[in-house]
Amino acid sequence: MGSDRINEVSERQHLTGFTREELIALFEEMGEPRYRADQVFRGIHERRLTSFDDMTDLPKALRDKLNEHATASSLTIESKYSSVDGTRRFLMRTADGNPVEAVFIPTENRNTICFSSQSGCALNCDFCLTAKLGLLKNLTAGEIIEQIILVLNDVYGPGVETPHGTNLVAMGEGEPFMNFKNLVKAVEIMADEKGLFIVPSRITVSTAGVVPKIHEFAGLDRRPNLAISLSAANDKLRNKLMPINQRWPIDELLTAAKTFEKTLKRGERFTFEYVLLGGVNDSDEHAEELAALLRKYDLRKVKINLIPHNPAEPLEYRPSTPEQVKRFKEILEANGVSAYVRTPRGRDNYAACGQLAAKQEPNLVQTAGK
């Protein structure tokens, strides 16, 4: 975007989605020195400023020019919801009015922000509340990044250094691999050492199984960690639970997973996520079937995240009992599979996995084992 382009746009350009190199090119075409671009980049990403007016190291004339043709903020926080366990859900709106949700999950040694890649989701997974929204839009790289900035500013204050590292998970609204280009660009910008400096190794991207993009992801030089939502070890059940399986069935998905595994470095692993649905996919036989599937494809650098279903109206599913979750995990481990149970966070305020659907009321569904 050069000087001509900055003057011709009908809507202001969101500079949060510009790489440092793109900002430098823009400022040079505007007749501004290169270091001004660095100041703006640092202002947005390192100092987490959402207004050019707050970048007082810039001349007022430049701030006025930027305000006329660009913006450092396009999202607004509409509502915030706090859970009894400290989890915070943020309901935001894009400039064109679509909902975006991000979740802040505090723990003792690190914080995790779950961010969205799309507004809504097109995949229609049967156990996921987000599916009820349908797909509303792909988020821009700037909209993806700004979620992180707004959450950190709300929790710690604008520009205040965080007490410990921040991990990111692309597990909010949407299928990240169906917005691949913007996701990868956002990851690149967030990794910049003059900005947020959240490196790819601290980011996990979850996919429901967009096979071509798993192959493309495997070829990236610097990439986040990968998590693949599985939730069934046979096509019949997965077709029902996750309709994307009808497009890319388990054989294609696991073959892609094996290709990805071959690119991992020593000590690296990737994850299969398995949502445990009471009486649906959580039996001893299902656990044995899952272990056999991993053996069939010789997947060794993998761990299984077991996620007890997070119930919510109008979903018909219920979580597995704590006893069966423990049993499922033990069967996997007896078969040599690394398995972990993800502790539910934010169930009471629609902040948990599979619950993001722009809800503005508390979750009234009682959950087993609470």
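The values are calculated or read from the model by the stated rules, or taken from the named source; none is laboratory data. Note that the coordinates shown come from a computational prediction; the quantities given were computed from them, not determined experimentally. With ideal geometry, Cβ positions are generated from the backbone for all residues, glycine too; neighbour counts draw on all protein chains shown. Surface accessibility is based on the protein's heavy atoms, side chains included, excluding ligands, DNA and RNA. Shrake-Rupley method; radii C 1.70, N 1.55, O 1.52, S 1.80 Å.
Matching residues to (1) over 24 Å from the mean Cα position of the chain (by Cα); (2) open to solvent by 40 Å² or more (accessible area, probe 1.4 Å); (3) modelled with pLDDT under 95:
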{"site": "256", "(1), (2), (3)": "no, no, no"}
{"site": "265", "(1), (2), (3)": "no, yes, yes"}
{"site": "270", "(1), (2), (3)": "no, no, no"}
{"site": "287", "(1), (2), (3)": "yes, no, no"}
{"site": "292", "(1), (2), (3)": "yes, yes, no"}
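Only one of 227, 232 is within 26 Å of residue 174 (Cβ to Cβ) and touching a helix residue (DSSP H, G or I) at 6+ places or on another chain (Cβ under 9 Å). Can you tell me which?
Step by step, each of 227, 232 is checked, and only 232 is within 26 Å of residue 174 (Cβ to Cβ) and touching a helix residue (DSSP H, G or I) at 6+ places or on another chain (Cβ under 9 Å).
Collect the residues in segment 76-98 that are among the aliphatic types (A, V, I, L, M), in contact with a Ser or Thr (Cβ under 6 Å, 6 or more places away or on another chain) and not in a strand (DSSP E or B), keeping them in residue-number order.
Within segment 76-98, just 95 meets the criteria.
Which pairs do you get when a residue that is in contact (Cβ under 8 Å) with a residue 40 or more places away in the chain and within 15 Å of residue 196 (Cβ to Cβ), found in segment 153-166, comes within reach of a residue that is polar (S, T, N, Q) and open to solvent by 60 Å² or more (accessible area, probe 1.4 Å), reach meaning Cβ atoms under 7 angstrom, with the pair 6+ apart or on two chains?
Partner pairs satisfying both residue conditions: 164/109.
Residue-wise test of (1) at pLDDT below 95; (2) within 15 Å of the chain's Cα centre (by Cα); (3) open to solvent by less than 30 Å² (accessible area, probe 1.4 Å); (4) of a type in the set (Lys, Arg).
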position	(1), (2), (3), (4)
105	yes, yes, no, no
126	yes, no, no, no
132	yes, no, no, yes
139	no, yes, yes, no
143	no, yes, yes, no
162	yes, no, no, no
174	yes, yes, yes, no
187	no, yes, yes, no
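Given the condition acidic (Asp, Glu), at pLDDT 90 or above, open to solvent by 40 Å² or more (accessible area, probe 1.4 Å) and in a loop (DSSP other than H, G, I, E, B), answer yes or no: does some residue in segment 107-120 qualify?
Checked segment 107-120: no residue is acidic (Asp, Glu), at pLDDT 90 or above, open to solvent by 40 Å² or more (accessible area, probe 1.4 Å) and in a loop (DSSP other than H, G, I, E, B).
Name the one entry in 48, 5 that is modelled with pLDDT of 95 or more and either outside any helix (DSSP H, G or I) or open to solvent by 30 Å² or more (accessible area, probe 1.4 Å) (or both).
48
Which is in contact with a strand residue (DSSP E or B) (Cβ under 6 Å, 6 or more places away or on another chain) and either under 30 Å from residue 318 (Cα atoms) or without any contact (Cβ under 8 Å) to a residue 24 or more places away in the chain (or both), of 136, 123, 129?
None of the others qualify; the one that does is 136.
Of everything in segment 234-277, what is within 22 Å of residue 311 (Cα to Cα) and not β-branched (Val, Ile, Thr)? Give them in sequence order.
Matches in segment 234-277: 237, 238, 239, 240, 241, 242, 243, 272, 273, 274, 276, 277.
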